Amino acid sequence: MKKTILAIGAHPDDCDISVGGTSALWAAAGHTVHFASLTDGSRGHYQEQYLRDPEELVLRRRAEARAACALIGARYHCLGITDGEVVPNVESLRRVVRLIREVAPDLIVCNRPNDYHRDHRYAARLVLDAAYMLTVPFFCPESLHMQQEPVIAYWWDCFHEEGRFRTDVVVPIRSVWETKVAMVAAHESQVFEWLPYNMGILGEVPEGRTERLAALQGWLRARHAEFAQRCDLPSGDPVEAFQISEYGRRPDDSTIGQLFPR
Ligand SMILES: [Zn+2]
């Protein structure tokens, strides 16, 4: 049976970097995939022009996210919160509840609430805060409440503060690796500009398109290898891993088998 999956990140590139491979597999299997970012991405750069005109960066990042989603036929949603300013307040909770009810997913994937970035932490907090409220008719009564909560799964990370990531589901993504790389590469303002600047390696970004893609492949391979090692997974073919949240609907093994690619 076809499923609907909603990946929710704080920023326009979060879903592609974390679950681009699994999402490509979901889409190839005929499931409906939605990516959402809570923020507009307006603080994710260093060049003067974007400080003077943040809207220019917002539009650029929205186009990048849409281009990445188009590679697998996913739909992109942006809740428009100012980048760097996600707060787990009631107004943001209402926006998240309305989005989830509109998409009506069987499964939500997001980062864990102990991530290094404040926007990531509070994005996860908002998803968890939304879980039960999705079924409460009088909360945001203008949108149709859900009969049951979706399953919520966290995408993998390396953080140990407040507990290590627990590997419940492993998805091999070898067959869609090039698609994942292309999805991440669509976020040019990030992977070739902002992130190298922030990491102090801007001078190492090659000029040519082919060389840039090769460099990005190397970065992603190293990231996957580090994550695999920290999560005690074999470091061979690339995988993405998930931890089933205690919040949301609790799935049995059969449901997990239907929700995740094998
Ligand atoms: Zn992010």
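The values are calculated or read from the model by the stated rules, or taken from the named source; none is laboratory data. Small disclaimer: the values here were computed from a predicted structure and weren't measured. Positions of Cβ are backbone-derived with ideal geometry, glycine not excepted, and every protein chain shown enters the neighbour counts.
Structure data summary
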item	result
Flag if Arg125 is assigned to a helix (DSSP H, G or I) and either touching a Pro at 6+ places or on another chain (Cβ under 6 Å) or within 16 Å of the ligand (Cβ to nearest atom) (or both)	yes
Failed criterion for Ala68 (all others in (1) surrounded by 18 or more Cβ atoms within 10 Å (Cβ to Cβ); (2) within 16 Å of the ligand (Cβ to nearest atom); (3) within 30 Å of Glu162 (Cα to Cα) hold)	(3)
Residue list for region 132-158, restricted to those being in contact with a helix residue (DSSP H, G or I) (Cβ under 9 Å, 6 or more places away or on another chain) and either in contact (Cβ under 8 Å) with a residue 60 or more places away in the chain or among the aromatic types (Phe, Trp, Tyr) (or both)	Phe139, Glu149, Pro150, Val151, Ile152, Ala153, Tyr154, Trp155, Trp156, Asp157, Cys158
Residues located in region 220-262, provided they are part of a helix (DSSP H, G or I) and surrounded by 18 or more Cβ atoms within 10 Å (Cβ to Cβ)	Leu220, His224, Phe227, Ala228, Leu259
Matching residues, region 24-57, being among the polar types (S, T, N, Q) and either within 16 Å of the ligand (Cβ to nearest atom) or more than 27 Å from Met146 (Cβ to Cβ) (or both)	Ser37, Thr39, Ser42, Gln47, Gln49
First in region 107-125 and under 15 Å from Glu246 (Cβ atoms), second anywhere and assigned to a helix (DSSP H, G or I) and within 11 Å of the ligand (Cβ to nearest atom), Cβ under 6 Å, 6 or more apart	Pro113/Arg121
Conditions (1) under 15 Å from the mean Cα position of the chain (by Cα); (2) at pLDDT 95 or above; number of the one not met by Tyr116	(2)
Hits in region 195-220 (condition: touching a helix residue (DSSP H, G or I) at 6+ places or on another chain (Cβ under 9 Å) and in contact (Cβ under 8 Å) with a residue 12 or more places away in the chain)	Val205, Arg212, Leu213, Leu216, Gln217, Trp219, Leu220
